[in-house]
Amino acid sequence: MTQRTATLTVDGNTSEYPVMSGTHGNDVIDIRSLGGKTGMFTYDSGFLSTSSCQSRITFIDGDKGELLYRGYPIEQLAENCNFLEVTYLLKNGELPNAAQKSDFENTIKNHTMVHEQLVKFFQGFRRDAHPMAVMVGVVGALSAFYHDAMDTSDAEHRSISFNRIVAKIPTIVAMAYKYSMGQPFMYPRNDLDYTANFMHMMFGTPCEEYKPNPVLVRALDVIFTLHADHEQNASTSTVRLAGSSGANPFACIAAGIACLWGPSHGGANEACLTMLEEIGDVSRVGEYIKRAKDKNDSFKLMGFGHRVYKNFDPRAKLMGKVCAEVLGELGLENDRLFKLAKELEKIALEDDYFVQKKLYPNVDFYSGIVQRALGIPTSMFTCIFALARTVGWMTQWEEMVTDPEYKIGRPRQLYIGAARRDVPPITKR
Ligand code: ACO
């Protein structure tokens, strides 16, 4: 087949650029030679039209509302696999067989404890610090504890780092929570699976044995799966950019956590619940919808809208289902905020403004309500997201480091500041 090309004409000069096709999705124009051929750069603030890499990990079709991990639809993975199987899939490209699954579970279990010295590190934080602030610090600090396997050019080292961080992140999230509560840290339990163990470390105390409820464990496990990866979103791109300089993986994940914290990204579930609390009652939904539509009001409906999904967010659909299951299990079907969320969703989905701008509930719309029902405090919501997304971040980091086209990330700019000028003597300033 002849190579398709895109032709660009600037000031009468024409240059050609190859068009590349992937397995699914939009074709891309390879403009790597643009600077050399034209002396120009492209301008794409917010990366609305830019592919930053080739990737084999996750595919999203925003118009169809489709999300695939390594080719498998998210609905099938959420239904048939647990989070550690999905983690194995993301890491290795294929689902594990029974022996691989058991091996992987054992490996992760063997890494769940953190260095005792790290426990002291927590004591440096104020008790009322936001847990995400603690997470940024503690995860970054892992590089000071596990430098025996930090040669990023060594596949074995990278694999050990992957396993370590995936195993330790639930322990660290639970420690951040326990620290904020003034309760003792709980050591991991190897008789429990990944998610049940996390719930034990979050909600257990040394005073009595914690018995995880299998329905709630499964719900949280699905939440982890839904958040595990989402191709080149802001935090993942942050991890890749940080890692492109050769920085160690723990530092890169800390950078990802920092980015995820923002309310336009992972902080939206926390912001969504705060918004629902503020609305307070179904009778005030109209008022808030009006505010969301007002150009002069900065208020947005949190949990609505997505850069990529313009029909529906498949994760939101699954999350809605999980939400109903959890509330049913806990007898909270008449939960005030859940009812309010349902009403808000209904009104927004019928409203012209939201229909025309294709603003649908995203994954964060229901995840806050489920997490609240599970007993997770609002300030911890984004930490839960970070826990799950660590798998995606590490997978993307690994892919970048092993990409033969791997280069340090270095965007260019359109400079619009002061033109070159000379510093005047102080008497003339
Ligand atoms: N409420 C009201 N209006 C909205 C909303 C919203 N939630 N989201 C977008 N709009 C409007 C914008 O004002 C804009 O209007 P305009 O065209 O008149 O200027 C239009 O819809 C397009 O929105 P953008 O912000 O330009 O879309 P973008 O793709 O850049 O942003 C984003 C997507 C950041 C998610 C945005 O929809 C938003 O802020 N939503 C609320 C926060 C949220 O839920 N974030 C979670 C995202 S999912 C995740 O990170 C897991």
- Query: Ordering ASP221, ASP191, ASP154 from largest to smallest accessible area (1.4 angstrom probe), what's the sequence?
  - Reply: ASP191, ASP154, ASP221
- For the chain, which span is the longest to avoid every loop-located (per DSSP) member of GluC sites (Glu not before Pro) having at most 15 other Cβ atoms inside 10 Å? 210-332
- Query: Applying the Karplus parametrisation 6.51 cos²θ - 1.76 cosθ + 1.60 with θ = phi - 60° to the phi angles of region 298-312, what ³J(HN,Hα) value in whole Hz is obtained for each residue in order, glycine and proline being reported as x?
  - Reply: 6, 5, 10, 6, 5, x, 10, x, 7, 4, 9, 7, 10, 10, 6
- Item | Under 5 Å, built H, 5+ apart or other chain: amide partners of GLU66 | ASP61
- Message: Let's see if you can work this out: charge +1 on each Lys and Arg Cβ, -1 on each Asp and Glu Cβ, no other charges. What is the dipole magnitude of region 1-134 about its Cα centre, in debye to the nearest 20?
- Response: 500
- Any idea what the relative contact order of region 265-333 is, in percent, if you count C-alpha pairs under 8 Å spaced at least 6 apart? 26
- Note on the structure: Expected vector for region 322-337, Karplus 3J(HN,Hα) from phi with 6.51, -1.76, 1.60 and θ = phi - 60°, integer Hz, x for Gly and Pro, equals 4, 4, 4, 4, 5, 5, x, 4, 9, x, 10, 4, 9, 3, 4, 6
- Residue separation between SER159 and LEU414 times 0.36 nm, minus their alpha-carbon distance, gives in nm 87.9 nm
- Can you pull the one-decimal nm distance between simple spin-label points at THR9 and TYR406, each 7 Å off the Cα toward Cβ? 4.3
- Note on the structure: Sorting VAL138, VAL28 on solvent-accessible surface, 1.4 Å probe, most exposed first, gives VAL28, VAL138
- Please work out how much accessible surface MET181 shows to a 1.4 Å probe, ignoring ligands, DNA and RNA, in Å² rounded to 10. 100
- Item | Selection from ILE426, LEU216, VAL363 lying farthest towards where the dipole of the chain points positive, charges on Cβ | ILE426
- Using 7 Å Cα-to-Cβ label points, what is the THR205/ASP148 separation (nm, one decimal)? 3.6
- Message: Please give the Cα centre distance for region 15-69 versus region 357-394, rounded to the nearest Å.
- Response: 28
- Task: Output ³J(HN,Hα) for region 418-429: one whole-Hz value per residue in order, computed from phi by the Karplus curve 6.51 cos²θ - 1.76 cosθ + 1.60 with θ = phi - 60°, and x for Gly and Pro.
- Result: 4, 5, 3, 8, 9, 5, x, x, 4, 5, 9, 8
- Message: Along the Cα→Cβ direction, 7 angstrom out, place labels at SER379 and ILE426. What is the inter-label distance in nm?
- Response: 4.7
- Message: Taking amide H atoms as placed 1.01 Å from N in the peptide plane, list the residues 5 or more away in sequence, or in a different chain, whose amide H sits under 5 Å from that of ALA6.
- Response: TYR17, VAL19
- Note on the structure: On the accessible surface of the chain, probed at 1.4 Å with all protein chains in place, carbon and sulfur together account for a percent value of 52
- Qualifying trypsin sites (Lys or Arg not before Pro) for region 75-134 [loop in DSSP, other Cβ within 10 Å: at most 15]: ARG126, ARG127
- Message: With a cap of 13 neighbouring Cβ atoms within 10 Å, and only residues DSSP puts in a loop, list the chymotrypsin sites (Phe, Trp or Tyr not before Pro) found in region 1-109.
- Response: PHE41, TYR43
- Item | Cα principal axis extents for the chain, largest first, Å | 77, 69, 58
- Please report, in debye to the nearest 20, how large the charge dipole of region 265-421 is about its Cα centre when each Lys and Arg carries +1 at its beta carbon and each Asp and Glu carries -1 there. 920
- Quick one: Cα centre-to-centre distance for region 325-355 and region 153-197, in angstrom? 33
- Taking the chain and counting helices only, DSSP H stretches of n ≥ 4 at -39,500 (n - 2.57) each over all residues, the nearest-500 ellipticity at 222 nm comes to -15500 deg cm²/dmol
- q = 0.24 Å⁻¹, region 268-374: log10 I(q)/I(0) [Debye, one scatterer per Cα]: -1.46
- Query: Put +1 on the Cβ of each Lys and Arg and -1 on the Cβ of each Asp and Glu in the chain; which of ALA6, GLY320, TYR72 then has its Cα farthest toward the positive end of the dipole?
  - Reply: ALA6
- Rounding to the nearest 20 debye, state how big the charge dipole of region 174-263 is about its Cα centre with +1 on each Lys and Arg Cβ and -1 on each Asp and Glu Cβ. 180
- Query: Restricting attention to region 332-429, which chymotrypsin sites (Phe, Trp or Tyr not before Pro) occupy a DSSP loop and are surrounded by at most 10 other Cβ atoms within 10 Å?
  - Reply: TYR415
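The values are calculated or read from the model by the stated rules, or taken from the named source; none is laboratory data. As the structure is a computational prediction, the values presented were derived from the model and not from experiment. So basically every Cβ, Gly included, is an ideal-geometry build from the backbone, and we count neighbours across all protein chains shown. Each accessible area value is taken on the protein alone, full model and side chains, heavy atoms only, with ligands, DNA and RNA left out. Shrake-Rupley method; radii C 1.70, N 1.55, O 1.52, S 1.80 Å.
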